[in-house]
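Encoded as structure tokens, the structure appears first; notes follow it.
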Amino acid sequence: MNIKKQLIDGKWLYAQSEQTREIINPFNREVIAKVTESGKADAKLAIEAARKAFDDGIWPTLSTAERGAIVRKIADLIERDQEELATLESLDTGKTLEESLWDMEDIAGVFRYYADIADKNAGVMIDSPIQNSISRVVYEPVGVCAQITPWNYPLLQASWKLAPALVAGNTLIMKPSEITPLTTIKAFELMEEAGVPDGVANLVLGPGNTVGTELSENVLVDLVSFTGGLETGKKIMQAASKNVKKVALELGGKNPNIIFADADFDIAVDQAMNAVFFHAGQICSAGTRIIVEDSIHDEFVEALVKRVNKIKLGNGFDEGTEMGPLISEEHLHKVIQYVEKGIEEGAVVVTGAKQPNDESLKDGFFYLPTILTECTTEMSVVQNEGFGPVITIEKFATEEEAVTLANDSIYGLSGGVWTNDLAKAERCVSKMRMGTVWINDFNIYFPHAPWGGYKQSGFGRELGQTGLEEYQEQKHIFHNLQPEAINWFGK
Ligand code: NAD
């Protein structure tokens, strides 16, 4: 089996340690690839290459339209190779091929969106209060960007960082999750093919505590953009503080989905499942916290359980599979313990809460879709991100109570409200403390709208115009057209 390499300064290299890591298919534990295992020394080399490419290179000085053209080419190449990329993503993550194909479409869309807006905002003129002067603000790249991504949406999360960083004129070093690096490696091949110059986009592979720490603290890095868990986010902030660099954090979520009695019942039931069960619930924005009006609680739970029990688990490549496995054995154990703790705290299992008893799934890291009722905000299953196919259900009596429950979280990534009373919907969303709120929908996102969290879900925004601004510095240029002596000192 070929060992996949890291990309530093335009060269595909083995890691200095010569160690390798096996990449596993979570459906059957088969080794699907071997990758070189980068270490601190490799990260340092990649950072130096990115620094040199920024300081001496042509990339930051190309026009935004020229950079945009290369980024548009990346979108075209992703579209060209979408089947291969989607297959790799499903092998690596276990998600269904249909989901991975959607992801590839979204990813091409993200590169295309940033290519399109790249040259639409050259800066602003300021109305200078000083006579005979010109005052203006121009946007410049931040410099060398470290980008660290998680395993759940490997290439999608990477695209949210790569596309804006490149069009803005930065150079970068990306570190994908050590568990799911395959589509990111392939995307770097496509970026080379599209014409991204040597040293502009570097790729290191390997674990967070060595490679990730180096990327976060190294003095030559100007910005670290991270998507992943809350505890890792805290470590990255700390590491980045050593040399004071910009930090953008996209962290976890525990996302409420409020369902009022006047919502369209069948649609709300159907969408409550869509909100959670894609990629086996391993989604930062999964609507795992259902908060339902008490008058429809029993009927809602009954209808939900009926549908949930029909979810078909299996190989993501088999027709009819609706849900694949969890990402790893370690993660499966975390989800098992998370549910057990909830049960100890008083949550009642109405379905699931165990591994499937199905011979064809025995080699995969499967967990049954699970619904827990009688949940209250003090419970750990309601407060903590489980990152599995697990729904907790709470009840409310009044609109105010629904919003209070929804906001009772350290997280603030996203949430949803289902009602046919439009004024009520608007009142609720105006009080919900989250970066994205959906009315009569869930989990919709697109490149044009910003994505990010309130509270401990992080700071900074990806996607949209704001996602580009994260990768730009604003420089104020004041030009005095008629300089005169002031004679203030030493008169
Ligand atoms: P994780 O925090 O364990 O790892 C994420 C990345 O950080 C990996 O590449 C990992 O190697 C690296 N890392 C680990 N320790 C590090 C350190 N000390 N310094 C630097 N880098 C380090 O997260 P995960 O388990 O891969 O992903 C799941 C988490 O990601 C969930 O909490 C989920 O909510 C979150 N997530 C958030 C969003 C969002 O948009 N807010 C999107 C996707 C995933």
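The values are calculated or read from the model by the stated rules, or taken from the named source; none is laboratory data. Quick caveat: nothing in here was measured; it's all calculated off a predicted structure. Glycine also receives a Cβ, built like all others from the backbone with ideal geometry; neighbour counts cover every protein chain displayed. Areas reflect the complete protein model, heavy atoms only, side chains present, ligands, DNA and RNA absent. Shrake-Rupley method; radii C 1.70, N 1.55, O 1.52, S 1.80 Å.
What do you reckon, is residue 22 within 25 Å of the chain's Cα centre (by Cα), acidic (Asp, Glu) and modelled with pLDDT of 95 or more?
Details: within 25 Å of the chain's Cα centre (by Cα): yes; acidic (Asp, Glu): yes; modelled with pLDDT of 95 or more: yes.
Yes; evaluated as a whole, the condition is true for this residue.
Would you check if residue 409 is of a type in the set (Gly, Ala, Ser) and under 23 Å from the mean Cα position of the chain (by Cα)? Working first, answer last.
Working: of a type in the set (Gly, Ala, Ser): yes; under 23 Å from the mean Cα position of the chain (by Cα): yes.
Answer is yes for this residue.
Which one of the conditions (1) within 30 Å of residue 123 (Cβ to Cβ); (2) open to solvent by 90 Å² or more (accessible area, probe 1.4 Å); (3) of a type in the set (D, E, K, R) does residue 433 fail to meet, given that it meets all the rest?
Unmet for residue 433, out of (1) within 30 Å of residue 123 (Cβ to Cβ); (2) open to solvent by 90 Å² or more (accessible area, probe 1.4 Å); (3) of a type in the set (D, E, K, R): (1).
Looking at segment 446-468, which of its residues are of a type in the set (A, V, I, L, M, F, W, C) and closer than 18 Å to residue 255 by Cα?
First, the residues of segment 446-468 that are of a type in the set (A, V, I, L, M, F, W, C): 446, 449, 451, 459, 463, 468.
Matches in segment 446-468: 451, 459.
Considering 193, 140, which residue is within 23 Å of residue 4 (Cβ to Cβ), at pLDDT 95 or above and not small (Gly, Ala, Ser)?
On the way: 140 fails: within 23 Å of residue 4 (Cβ to Cβ).
Only one candidate passes the filter, namely 193.
Mind checking which residues of segment 411-422 are open to solvent by less than 70 Å² (accessible area, probe 1.4 Å) and not in a strand (DSSP E or B)?
Of everything in segment 411-422, those that are open to solvent by less than 70 Å² (accessible area, probe 1.4 Å) and not in a strand (DSSP E or B) turn out to be 413, 419, 421.
Take segment 445-490 and flag every residue that is in a strand (DSSP E or B) and either under 27 Å from residue 136 (Cβ atoms) or modelled with pLDDT under 95 (or both).
Of all residues in segment 445-490, those in a strand (DSSP E or B) come to 451, 454-455, 458-459, 462, 472-480.
Once the filter is applied, which keeps residues that are in a strand (DSSP E or B) and either under 27 Å from residue 136 (Cβ atoms) or modelled with pLDDT under 95 (or both), segment 445-490 yields 472, 473, 474, 475, 476, 477, 478, 479, 480.
Could you check how many residues of segment 459-478 are open to solvent by less than 10 Å² (accessible area, probe 1.4 Å) and either small (Gly, Ala, Ser) or free of Cβ contacts under 8 Å to residues at least 24 places away in the same chain (or both)?
Adding up the residues that qualify gives 2.
Regarding segment 314-322, can at least one residue be identified that is touching a Cys at 6+ places or on another chain (Cβ under 8 Å) and open to solvent by less than 20 Å² (accessible area, probe 1.4 Å)? If you could, list the steps in order and put the result at the bottom.
Our first condition is that a residue be touching a Cys at 6+ places or on another chain (Cβ under 8 Å); within segment 314-322, this holds for none.
Checked against the condition, which is being touching a Cys at 6+ places or on another chain (Cβ under 8 Å) and open to solvent by less than 20 Å² (accessible area, probe 1.4 Å), segment 314-322 yields no hits at all.
Which pairs do you get when a residue that is in contact (Cβ under 8 Å) with a residue 40 or more places away in the chain, found in segment 21-34, comes within reach of a residue that is of a type in the set (Phe, Trp, Tyr), reach meaning Cβ atoms under 6 angstrom, with the pair 6+ apart or on two chains?
26/365
Any idea which residue in segment 147-158 is nearest to the ligand (Cβ to nearest atom), counting only those that are touching a helix residue (DSSP H, G or I) at 6+ places or on another chain (Cβ under 8 Å) and not hydrophobic (A, V, I, L, M, F, W, C)?
Taking segment 147-158 as the starting set, the residues that turn out to be touching a helix residue (DSSP H, G or I) at 6+ places or on another chain (Cβ under 8 Å) are 147-156, 158.
If we keep only those that are not hydrophobic (A, V, I, L, M, F, W, C) too, we end up with 147, 149-150, 152-154.
Numbers: 147: 10, 149: 6, 150: 3, 152: 5, 153: 6, 154: 9 Å.
Filtering segment 147-158 for residues that are touching a helix residue (DSSP H, G or I) at 6+ places or on another chain (Cβ under 8 Å) and not hydrophobic (A, V, I, L, M, F, W, C), the one nearest to the ligand (Cβ to nearest atom) comes out as 150.
Can you tell me which residue is farthest from residue 333 (Cα to Cα) among those in segment 367-410 that are open to solvent by 40 Å² or more (accessible area, probe 1.4 Å), in a loop (DSSP other than H, G, I, E, B) and away from the ligand (no atom under 16 Å from the Cβ)?
The qualifying residue farthest from residue 333 (Cα to Cα) is 398.
Within segment 316-352, how many residues turn out to be in contact (Cβ under 8 Å) with a residue 24 or more places away in the chain and assigned to a loop (DSSP other than H, G, I, E, B)?
So the count comes out to 13.
Report, ordered by the first and then the second residue, all pairs with beta carbons closer than 7 Å, sequence separation of six or more or different chains, a first member in segment 159-186 that is more than 21 Å from residue 88 (Cβ to Cβ) and near the ligand (Cβ under 9 Å from one of its atoms), and a second member that is open to solvent by less than 10 Å² (accessible area, probe 1.4 Å) and part of a loop (DSSP other than H, G, I, E, B).
Here the result reads none, with nothing in segment 159-186 linked to a residue that is open to solvent by less than 10 Å² (accessible area, probe 1.4 Å) and part of a loop (DSSP other than H, G, I, E, B).
One residue is enough: does segment 51-70 have a residue meeting the conditions open to solvent by 10 Å² or more (accessible area, probe 1.4 Å), within 19 Å of residue 182 (Cβ to Cβ) and at pLDDT 95 or above?
No; the residues of segment 51-70 include none that is open to solvent by 10 Å² or more (accessible area, probe 1.4 Å), within 19 Å of residue 182 (Cβ to Cβ) and at pLDDT 95 or above.
State whether one or more residues within segment 207-219 are under 22 Å from residue 39 (Cβ atoms), buried (at least 19 other Cβ atoms within 10 Å of the Cβ) and among the hydrophobic types (A, V, I, L, M, F, W, C).
Yes, segment 207-219 contains at least one residue that is under 22 Å from residue 39 (Cβ atoms), buried (at least 19 other Cβ atoms within 10 Å of the Cβ) and among the hydrophobic types (A, V, I, L, M, F, W, C).
Could you look through segment 353-365, keep only residues that are out of contact with any helix residue (DSSP H, G or I) (no Cβ under 8 Å at 6 or more places or on another chain) and in contact (Cβ under 8 Å) with a residue 60 or more places away in the chain, and pick out the one that is surrounded by the most Cβ atoms within 10 Å (Cβ to Cβ)?
Among those residues, the one meeting the criterion is 364.
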